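Nothing in this text is a laboratory measurement; each read-out follows from the coordinates by a stated rule. This structure is a prediction, so every number in the text was calculated from the model and none was measured. Cβ: placed from backbone, ideal geometry, glycine included. Neighbour counts: every protein chain shown.
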């Protein structure tokens, strides 16, 4: 299970909204001094993300919690979002190449673009269906005790 720590921002019926600090693994790498990815992580690493999580615990705004995402959910989501549109782009281009062999590049480009658009449409429809599926949602695992949150400062903004 993938786990992350967050601060409760809002509480709803059966769910909460969390602010989770983005983290990068670049701090542990020995080549981070000369790496472009590490430089980008330093620039954009301090931002937080608002995430909706399923919760059965009685929480209130400001509580620190650990949330978890089931194994494989992140991989399936990445495959859906990235691989499916590219696969349909290539399938459309190959279909254009085989069906319109002597017509030039225009049918290949057009059918490739149509395949890419179809891939984005399928991703959008599928993600809307999975949005409220509890198997694909982060779940609050436990509350973190205030003493276990080093340097946690909450502002009233």
Kindly list the residues of the stretch 76-96 that lie in the label zone of residue 121, defined by a backbone N under 13 Å from the point 7 Å along the Cα-to-C-beta vector. none
Euclidean distance of C-alpha centroids, the stretch 67-96 and the stretch 102-141, integer Å: 8
Tensor-based shape of the stretch 75-139 (alpha-carbon gyration tensor, a/c under 1.5 rounded, otherwise prolate or oblate): prolate
